[in-house]
Amino acid sequence: MIESSPLDTTRAAYDSVANLYAELFRDSVEGHSLDRALVTAFAEYVRAADVGPVADLGCGPGGVTARLASLGVTAFGVDASPAMIELARQEYPHLRFDEGSMLALDIADGTLGGVLAWYSIIHTPPQDLPVLFEEFARVLAPGGHLLVGFFATDDDAQPSVEPFDHKVSLAYRLPIDHVVDLAAEAGFTEIGRMRREPGEGERFRHGRLLARKPVEP
Ligand SMILES: C[S@@+](CC[C@H](N)C(=O)[O-])C[C@H]1O[C@@H](n2cnc3c(N)ncnc32)[C@H](O)[C@@H]1O
């Protein structure tokens with residue numbers, strides 16, 4: 001029997017709910033002013049550094065990719081789910097969307113000015129997270145920026161990653177310090193982190209990290 005990988009399971013799960021997901025979360029940043037502000041700040045950092053385009057990794061239906069483009073950065077999306085990529089292409093035909101895995105990107109070393117991973121790292125098995133952050137570092141040019149959004153654990157002092165009953169596919173809540181450490185181990189310098197408490201209708205605390213790949217290694 002051939003066992004499916006966690007990525008196969010995630011891909012199939014998002015394929016099966018792509019239309020509904022797009023209706024609910026076409027631009028998942030829209031609903032909260034702190035998140036909009038952070039994505040706007042990320043775009044400003046990317047524009048100021050001017051070292052390449054931004055890849056929205058795990059872009060889903062592409063709304064945040066389009067938001068980045070409207071903020072004046074060259075942006076494209078990558079997602080493992082063909083159904084999500086199809087929806088993104090239909091909705092934003094002027095933008096580029098590619099099917100692919102964040103764990104092994106078909107992107108040359110040192111060519112991006114930014115990587116956005118907005119709630120896409122949550123489905124990566126904890127043991128694969130270091131590979132993910134190394135991949136982010138590989139594709140970014142020196143001086144490039146990384147913005148990660150994720151569900152955070154409730155207890156900052158509790159260091160473990162926690163699986164939870166995500167409605168689409170197995171997912172994990174991550175201690176913010178752990179995400180900061182993963183980025184540091186991959187060579188990133190922290191610019192700032194945010195802890196946002198659950199808003200109306202939200203179950204969990206949120207974590208965000210904005211970091212830079214140093215110009216000098
Ligand atoms: C919760 S959705 C977030 C989508 C979008 N970033 C947003 O904010 O609406 C997670 C997305 O990440 C994608 N994804 C998860 N793991 C991935 C991987 N290893 N490579 C590429 N895409 C992945 C899923 O297919 C899904 O579209």
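Treat each spin label as a single point 7 Å out from the Cα along the C-beta direction, and report the T74 to E200 distance in nm.
4.1
Leaving out ligands, DNA and RNA, what percent of the accessible area of the chain is carbon and sulfur, probe 1.4 Å?
The value for the chain is 52 percent carbon and sulfur by accessible area.
Per residue and in Å³, how big is the convex hull formed by the alpha-carbon atoms of region 1-126?
116
Using 0.36 nm times the number of residues separating D98 and D156, minus their current alpha carbon distance, what extension gain do you get?
Fully extending the segment from D98 to D156 adds 17.3 nm.
Under 1.5 on a/c is rounded, so check that first for region 63-217, then, if it is not, pick prolate when a/b is larger than b/c and oblate when it is not; a ≥ b ≥ c are the square roots of the alpha carbon gyration tensor eigenvalues.
oblate
Using the beta-carbon distance between D109 and D50 and R0 = 22 Å, what value does 1/(1 + (r/R0)^6) give for FRET efficiency, to the nearest 0.05?
According to the calculation, E is roughly 0.75.
Could I have the simple spin-label model distance between V215 and E86, label points 7 Å from Cα toward Cβ, reported in nm to one decimal?
That separation, rounded to one decimal, is 4.6 nm.
What value, in deg cm²/dmol to 500, does the helix sum -39500 (n - 2.57) over DSSP H runs of n ≥ 4 give at 222 nm once divided by the residues of the chain?
-11000 deg cm²/dmol
Which of the peptides 198-205, 130-137 is most tightly packed, and how do the rest follow, judged by the mean count of other Cβ atoms within 10 Å per residue?
130-137, 198-205
Once both labels are modelled 7 Å past Cα along the beta-carbon direction, what's the S5-S33 spacing in nm?
Between S5 and S33, the simple spin-label model gives 4.3 nm.
Keeping all protein chains in place, calculate the accessible area per residue for region 129-217 (probe 1.4 angstrom), answer in Å².
The answer is 46 Å² per residue.
Using +1 on the beta carbon of Lys and Arg, -1 on that of Asp and Glu, and nothing else charged, what's the dipole of the chain about the Cα centre, debye to 20?
Computed about the Cα centre, the dipole is about 520 debye.
How much of the DSSP bridge set in region 6-212 is antiparallel, in percent, rounded to the nearest 5?
So the antiparallel bridges amount to about 50 percent of the total.
The values are calculated or read from the model by the stated rules, or taken from the named source; none is laboratory data. Nothing here was measured: the structure is a model prediction, and the numbers come from that model. Glycine also receives a Cβ, built like all others from the backbone with ideal geometry; neighbour counts cover every protein chain displayed. Ligands, DNA and RNA are excluded from the accessible area calculation, which covers all protein heavy atoms including side chains. Shrake-Rupley method; radii C 1.70, N 1.55, O 1.52, S 1.80 Å.
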